[in-house]
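The values are calculated or read from the model by the stated rules, or taken from the named source; none is laboratory data. Since this is a predicted model, take the numbers as computed values, not measurements. Cβ placement follows ideal geometry from the backbone for every residue including glycine, while neighbour counts extend to all protein chains displayed. Ligands, DNA and RNA are excluded from the accessible area calculation, which covers all protein heavy atoms including side chains. Shrake-Rupley method; radii C 1.70, N 1.55, O 1.52, S 1.80 Å.
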Amino acid sequence: MSESHDFDLIVIGAGSGGVRLARMSAQRGARVAVVESRYLGGTCVNVGCVPKKLFVYGAHVRDELEDAEGYGWSVPTDDVTFDWPTLVANKNAEIERLNGIYGRLLENAGVTIIEGTASIRDPQTVVVGDKTYSAAHITVATGSWPVVPDIPGKELLLTSNEMFYLPQLPRHAVVWGGGYIAVEFAGILAGLGVETTLLYRGERFLRGFDEDVRAFTEQEMRKKGVDLRFNVTIESVEQLNAHYQVNLNDGSSLETGLVMAATGRRALVDGLGLEELGVEINASGHVRVDDHFQTAVPSITALGDVIGTPQLTPVALAQAMVLSRRLFRDGQGEMDYSAIPTAVFCQPNIGTVGLTEEEARQAGHTLRVYRSEFRPMKYTLSGRDERCLMKLIVDDASDQVLGAHMVGPDAGEIIQGLAVAIKAGATKAQFDATMGIHPTSAEEFVTMREPVA
Ligand code: NDP
């Protein structure tokens, strides 16, 4: 490590990937600074995974209250009140606590935290305000930011960033989009008692997920009262006093108290000066890197949402571990993007790992598909009309389980365990030889015997 620079590494962006890279590298003896203009912890901690999950828990309390009666509890559900500002305030307190933990983790590792907006002046110099800092390596870990389509009235639309700090909930809300964020927020809003309409431009939301999962999630969300409208999109939005008129491309319109755009996220590279330095930005707007996070400029690397790999915190963390090792340990380490498990915290949850049935067929596999659909035991006494879907995709020739998919309570928790088996290349025979835990929903994954296709 060279003494000719202020730092061995400057990381721009203190999100999941940036903080992990800074900490790991400092622990390996590197002199590290991290520059952050907003909040420690990035999207995940502040306006993403963490507060989202807290809101999902909040929304789910309604179901628990409704289910209580079947178990003998007398809960006057007509009188139950919900106070949104309390949930937001408690969430904010928890996020502040986490911000503090992130700060201490960095400080304890010996990382210098520089507050402000960074730009890169030359391949080894970062400018923050009126100060310049030199480093042998610079890593761009600036993440992504919500995109709002360019329609008349776009300034009236909220994004997930603002949804986390809404002062009040409206009576009715429109959510625009059909990806992770749209379905999660539709579930949160509906669960908290807001009449919710989700508008998606395609045939059915959650493009890229297993077809069965998409259809099943649609069915269950409709049962929960979410107004799902597909093959429709927003052309413009107008303000009507305290309300909004949303004009759709089918000629109809609807009135609502809030319009949220959940229409994707773009790489956050504004003002960094990357292209001037010769760092390439690809057609999707992401920083172009090779398999080792190297940009076209030797001293500049990039990782996380900004490079266009799956926009998931565990992916950014894993990338940071690999990059830190490459820069400050033995120059080794590779990323493995296969079989990344993921959950969508809509209601009910989706959990998935490995190939969808469609992907497996397209890849030329001859398949056995195992599918089970049932009412979770918990809902027998409560009478809740909610079902659970589980599906295994198996390569017929090798018997290897290529994918596992679930829609139902705790799907993320269950699929995380199965992801180990699938990553290890487990066969269906090994699933069959595994004892179930009785009585659970999860045991269904080791007791499905008859393929449906
Ligand atoms: P996604 O890319 O998942 O979804 C964007 C949605 O917006 C798609 O349905 C897309 O439609 C639609 N869309 C895009 N552009 C337009 C447009 N111009 N007009 C109308 N509709 C449009 O993005 P999200 O913002 O939901 O999430 C970003 C990423 O963040 C996710 O991909 C995921 O990696 C991550 N994330 C992960 C979570 C988790 O792990 N639980 C939770 C939240 C986010 P179409 O499908 O037709 O392209």
With both partners inside segment 181-247, how many of the DSSP beta bridges are antiparallel, as a percent to the nearest 5? 60 percent
Which order do the peptides 90-97, 438-445 come out in when sorted by mean C-beta neighbours inside 10 angstrom, highest first? 438-445, 90-97
Using only Cα atoms and rounding to the nearest 10 degrees, what angle (0 to 90) does helix 16-27 make with the longest principal axis of the chain? 50 degrees
Taking the Cα atoms of segment 1-155, what is the range of coordinates along each of the three principal axes, in descending order and whole Å? 71, 45, 21
For segment 377-453, what log10 I(q)/I(0) values come out of the Debye formula at q = 0.27 1/Å, with one point per alpha carbon and no solvent? -1.46
Straight-line reach only, C-alpha to C-alpha below 26 angstrom: list the lysines that LYS428 could link to, leaving out same-chain residues fewer than 8 apart. LYS391
Local electrostatic count, PRO152, Cβ distance below 12 Å [Lys/Arg +1, Asp/Glu -1]: -3
Alpha-carbon Rg with Dmax, taken over the chain, Å: 23.7, 72
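Within 10 Å, count the other beta carbons around each residue, average over each peptide in 65-71, 140-146, and list them highest first.
Taking the mean over residues of other Cβ atoms within 10 Å, the ranking is 140-146, 65-71.
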Carbon and sulfur together cover what percent of the accessible area of the chain at a 1.4 Å probe radius? 50 percent
Net charge contributed by nearby residues that have their C-beta within less than 13 Å of GLY403 (K/R +1, D/E -1): -1
Order of 300-306, 31-37 by packing, highest average Cβ count within 10 Å first? 300-306, 31-37
Size-normalised alpha-carbon gyration radius of segment 152-213, reference 2.2 N^0.38 Å: 1.19
Using the alpha carbons of segment 182-312, what is the convex hull volume per residue in cubic angstrom, as a whole number? 161 Å³
Equivalent-ellipsoid semi-axes (√(5λ), Cα gyration tensor) for segment 73-165, whole Å, largest first? 40, 23, 10
Send over a whole-number figure in Å² for the accessible area per residue of the chain, probe 1.4 Å. 45 Å²
In degrees, nearest 10, range 0 to 90: what is the angle between the Cα axis of helix 313-328 and the longest Cα principal axis of the chain? 20 degrees
Computed over the Cα atoms, what is the radius of gyration of segment 1-86 divided by 2.2 N^0.38 Å, N being its residue count? 1.88
In Å, the C-alpha Rg and Dmax of segment 307-426 are 17.3, 58
Net charge, GLY191 excluded, C-beta distance under 9 Å - Lys, Arg +1, Asp, Glu -1: +1
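Of all DSSP beta bridges located in the chain, what percent are antiparallel, nearest 5? Write out the running numbers ahead of the final one.
Details: 46 of 74 bridges.
In the chain, approximately 60 percent of DSSP beta bridges are antiparallel ones.
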